[in-house]
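Note sheet for the following structure.
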Amino acid sequence: MNKKKIERLLAVGKFDEALQQLAAIEQSAWRDMRQLKCLRQMGRRQDALGLANQLYSHHRSGQFPYPTNTSQRNNQLRYIAQMFAEFGRSEHACDILKALCEKKPNVAALHKEYAYALTCDNQLDEAEAQLNMALNIQPDNANCQAQLARILCRSGRVNAGYNSYSKAASLEPKNPNYIQRLLYWSNFSERTTQQANYQLTRLWASIAHPQDRANSNRWRAANPARRLNIALASSNFRDHPTSYLVLPLLRAIDRSKFNVTVYSDTRKRDAVSDTIRELSDTWHDTSQFSDQKLARLITEQQIDALFDLHGHSAGNRLNLFAKHLAPLQISWLGYPSTTGMKSIGYRLTDRISDPVGVNDEFFTERLIRLPNGFLCYEPPADAPAIEPSDNQGIIRFGSFNGLSKISSETLDCWAAAMIAVPNSTLCLKRKELSSENARKGLIAELADRGIAQDRLILKSERQATTEHLAEYNHIDISFDTSPYNGTTTTLQSLWMGVPVVSLVGHTHASRVSATILERINLGGMATNSVVDFAQRVKELSELEETRQQLRSTLRRRLADSALMNKSQFAREFELAINRLWREWCEQRTNERQQRVEESA
């Protein structure tokens, strides 16, 4: 078989067949690269790494089993580095690309690829520097602008990151990926309204999915009484916030009425992944599935209700949902706003996160409000015990939310509260704080608001979940972020006996903590202004006995609330889905009757 035929097999995703044909031809630089790509695309991680290591040893020794030219060797090295970065060997990727950049300092693409490897290695400052070098060489490179934007957002400079995404989108206005990043990060800005987010989302949909419409497969039997096939799709079925909100449903849903399938795009499985697999009726590892392959599987399995747990966040499968593979397609968890897709007909929420009649018109989905909240929480089984507070007269504030959630509005609230409580410190803990640029930016922003650096405790070390939760034993009051509240961080803080003070805004993202606090009768901790936020913090700081009582009772209060009543949540979830299914069946029956009457 000649090379052109193999290239065609690769182009249409027939990697198994291509790999078989490659094995039959003479070894060469061309063959090795195609084998490497096949193994990577097929998800054969260990085989791919084995071949990559073998090729890398050829490069280091300078001894190849076949003749190669400089271009072929460099292309191999760049692809090997990309694989190393993706597969958790980013330090080797950095070594390779650093050397290539030193040899060819005027190639923008090399600096961009080096920046990606550095980002995977959490060297954000150096990655930012490499991207700025690339943009000095090639200012109109949209991909470089987008990559820089991601680093800026991750390190807490969301407004600057948003501007870089805007530049990327203006350079390639027909590229839906940059518009999607814009609309995702708009949720983090206090300047964004639900209407503005909706309009940007509809712009994205018009480019990415111009044929998107509300239709559904009609070949399924419209039987409102039968057992339903529901499916959850996500790449976060692991030790991740989404999992701790999915587990209660999987444990309590009525299996006589629902068959639960999980489509897991998770690449790094762990013990939580295994638990979710055990609790599923059917589990599929789809991390290496193309949209086409997964679409065929969903169609074959006749899924009735397909749940998207990503929205526009990274790792989403919205291209798949655009095919409208199930009668009911529902958005739940993982993303705080509209998908903008008419093919996703519903969104699970509640009356606090999305008050009735306030923003309904700015969702393409129909909002389905569950009576006692849209989420149910299962804390980690190995969560540490709560230790008594011993603050020695110093009130210890803390926030373990992502830096990207720390908006100007958030900093205004925090600074006002710290000024109101002079004998206080603020502890922030995120791995992105290893970035000197992030640390300096945060320190400067708070200094401008009157908070000295010696009142800040900035931690960046990575910890396992148990050790991370234990950090709350050194916190008296948690500060929430706005307009993008914490969800799992709020729940974790409460589980560890630490009260949370939040600022309520005008979007779903800014009201999630309010719905959590209301369920445990602490709705007064959800404030409505910077002044109100600071006053509530001051009051709580002065009430030592109240804080100690909360520390000793919050875990029980949370456990006894609707937030952890998995049976109640499952029944409300089931009723909602059954109601939607009956509506769909009735609509199909009416349409069928209408066609009969029209043909008579």
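The phi-based Karplus calculation (6.51 cos²θ - 1.76 cosθ + 1.60; θ = phi - 60°) puts the 3J(HN,Hα) values of the range 154-164 at 4, 8, x, 9, 5, 5, 5, x, 4, 5, 5 Hz, whole numbers, x for Gly and Pro.
Here residue 521 and residue 578 are evaluated by their C-beta separation; at R0 = 45 Å the FRET efficiency comes out at 0.90. For the pair the range 353-391 / the range 36-90, the C-alpha centres are spaced 45 Å from each other. Legend: calculated FRET efficiency, residue 70 to residue 175, from the Cβ-Cβ distance at R0 = 56 Å, rounded to 0.05, equals 0.95.
In this label model, residue 462 and residue 300 are separated by 3.6 nm, measuring between points 7 Å along each Cα→Cβ vector.
When the listed pairs 14/112; 167/405; 167/323 are checked against a 25 Å cut-off, the alpha-carbon distance exceeds it for 14/112; 167/323.
Summarised as an ellipsoid, the range 3-152 has semi-axes of 29, 17, 15 Å, derived from the eigenvalues of the Cα gyration tensor scaled by 5 and square-rooted, with the largest first.
Based on DSSP H segments of at least four residues, each scored -39500 (n - 2.57), the chain has a per-residue ellipticity at 222 nm of -16000 deg cm²/dmol. If R0 is 35 Å, the Cβ-Cβ spacing of residue 549 and residue 506 corresponds to a FRET efficiency of close to 0.60.
Every Cα-Cα pair in the chain was counted, and those over 33 Å apart are 50% of them.
With a cut-off of 11 Å between beta carbons, the residues surrounding residue 570 carry a summed charge of +2, where Lys and Arg count +1 and Asp and Glu -1. Here the label points at residue 191 and residue 61, each 7 Å from Cα along the C-beta direction, are separated by 5.7 nm in the simple model.
Each of residue 559 and residue 282 was given a label point 7 Å from its Cα along the Cα-to-Cβ line. The distance between the two points is 3.7 nm.
None of the figures in this text is laboratory data; all of them are computed from the coordinates on show. Just so it is clear, the model here is predicted, and its values are computed rather than measured. With ideal geometry, Cβ positions are generated from the backbone for all residues, glycine too; neighbour counts draw on all protein chains shown.
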